[in-house]
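What follows is a single structure, written as structure tokens, with notes after it.
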Amino acid sequence: MLTIRDLKAAAAKVGATVEQDSPGVFQVCAPDDKQWAEGSCVHLRVDFQELDGRRGDAAWAHGEIEDAI
């Protein structure tokens with residue numbers, strides 16, 4: 001299972017950073033003066049938060065992190 005640690009390692013390889021907005025919601029911030037190809041934006045949202053504001057389960061997190069990486 002992939003974790004936020006894996007997301008941070010993959011982001012660091014390209015000079016990006018990961019910020020946590022809330023439980024289960026993260027932003028992968030592109031390096032300065034760069035954009036992500038998907039969406040042409042500087043923040044890639046990784047969201048596995050449930051409707052009640054709690055972080056979703058590990059399998060859901062794994063899928064979202066896998067998509068981001």
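The values are calculated or read from the model by the stated rules, or taken from the named source; none is laboratory data. Because the structure is predicted, anything quoted here is derived from the model rather than measured. All Cβ positions, glycine included, derive from the backbone under ideal geometry; neighbour counts span all protein chains shown. Protein only, heavy atoms only, side chains kept; ligands, DNA and RNA dropped before computing areas. Shrake-Rupley method; radii C 1.70, N 1.55, O 1.52, S 1.80 Å.
Just need a number here: residues in region 19-68 that are in a loop (DSSP other than H, G, I, E, B) and either free of Cβ contacts under 8 Å to residues at least 24 places away in the same chain or surrounded by 14 or more Cβ atoms within 10 Å (Cβ to Cβ) (or both).
Initial filter on region 19-68 (in a loop (DSSP other than H, G, I, E, B)): 23-24, 30-35, 37-40, 42, 48, 50-54, 56-57.
Now restrict to residues that are either free of Cβ contacts under 8 Å to residues at least 24 places away in the same chain or surrounded by 14 or more Cβ atoms within 10 Å (Cβ to Cβ) (or both): 24, 30-35, 37-40, 42, 48, 51-52, 56-57.
Counting residues in region 19-68 that are in a loop (DSSP other than H, G, I, E, B) and either free of Cβ contacts under 8 Å to residues at least 24 places away in the same chain or surrounded by 14 or more Cβ atoms within 10 Å (Cβ to Cβ) (or both) gives 17.
Looking only at region 5-18, count how many residues are of a type in the set (A, V, I, L, M, F, W, C) and under 11 Å from Ala68 (Cα atoms).
Restricting attention to region 5-18, the residues satisfying the condition of being of a type in the set (A, V, I, L, M, F, W, C) are 7, 9-12, 14, 16, 18.
From what's left, under 11 Å from Ala68 (Cα atoms): 7, 10-11.
Counting residues in region 5-18 that are of a type in the set (A, V, I, L, M, F, W, C) and under 11 Å from Ala68 (Cα atoms) gives 3.
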**Asked** With respect to the numbered conditions (1) assigned to a helix (DSSP H, G or I); (2) open to solvent by 90 Å² or more (accessible area, probe 1.4 Å); (3) modelled with pLDDT of 95 or more, which one is the sole condition not fulfilled by Ala10?
**Response** (2)
